[in-house]
Amino acid sequence: MASTFKWVNKQAVASAFSRAAGSYDALATVQREVGERLLGMGKDLPGVQLLDAGCGTGYFSRRWRALGKQVTALDLAPGMLAFARQQQAADHYLLADIEQVPLPSAVMDICFSSLVVQWCSDLSVALTELYRVTRPGGAILFSTLAQGSLHELGDAWQQVDGERHVNDFLPLAAIDAACAGYRHCLEAQWRTLNYPDVMALMRSLKGIGATHLHQGRESGLMSRRQFAALQAAYPRLQGQFPLSYHLIYGVIYRD
């Protein structure tokens, strides 16, 4: 069974997302779709107090407030949290790590965390913390990326220089194992976006902060030769450059 632990340079992750705060919402196509689906899975849950764990720009904090929730927005990236605050997205704001939530136990009715926990060092620790701060009768809603995500980009880089240069995502079995101690359900989905060229694809990833942080380090600037080699090696689908996401949606019930 694969471990739920992986080495993550959280400062690098926080810096990448902070820099992306201004461009994120315009480019976050998959993130918006996934968040909307996850919100739909929990919009009828009872309770008022909600933790948006990994709030980003605060887009879904605003959506939850519109549904009558009292929202605490938490993010590791100072730039993202500052952007959310400027947008008056939430009722309260916390600059913090999901793996160490600075809240008392059993104070939230719902924890919502969309496409965030893949950046955690240990998924089990993150889920344990979200479970801890949720009241009995509440629920944790989360989405994440699983093994196979961005495989086209990784395969192309492998051909160029022998390295994949994409993040390592947990296999579905490891995600299920992290949830095994709780009453839960998981759903899997594949989603593929198509781009006109590799430049557009890479700009999109950078614009949402998802720079390929290989072992926690951002790559330097790519040369024209590297771009040309990557574009030549990249698989095409009807003239387009596909990028796939293996999406996992989870609901954990707080008993």
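The values are calculated or read from the model by the stated rules, or taken from the named source; none is laboratory data. Owing to the predicted nature of the structure, the values given are computational and were not obtained by experimental measurement. For the accessible areas, the whole protein counts, side chains as well, though only heavy atoms, and no ligand, DNA or RNA atoms are used. Shrake-Rupley method; radii C 1.70, N 1.55, O 1.52, S 1.80 Å.
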Keeping all protein chains in place and using 1.4 angstrom, which order do 253, 182 fall into by accessible surface area, from largest down? 253, 182
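Could you order 48, 107 by accessible surface area, starting with the largest, using a probe radius of 1.4 Å? Could you put the intermediate results ahead of the total?
Working: 48 70, 107 40 Å².
Reading off the accessible areas and sorting them downward yields 48, 107.
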Please work out the Cα center distance from segment 60-77 to segment 160-186, rounded to the nearest Å. 26
In Å², nearest 10: area of residue 236 left accessible to a 1.4 Å probe: 130
Going from most exposed to least, what order do 99, 163 have by accessible area with a 1.4 Å probe? 163, 99
Counting only protein heavy atoms and using a 1.4 Å probe, what share of the accessible area of segment 45-107 belongs to carbon plus sulfur, as a whole percent? 52
Rounded to the nearest 10 Å², what accessible area does residue 255 show when all protein chains are kept and the probe is 1.4 Å? 100
Whole-percent carbon and sulfur contribution to the accessible surface of segment 125-201 (1.4 Å, no ligands, DNA or RNA) stands at 51
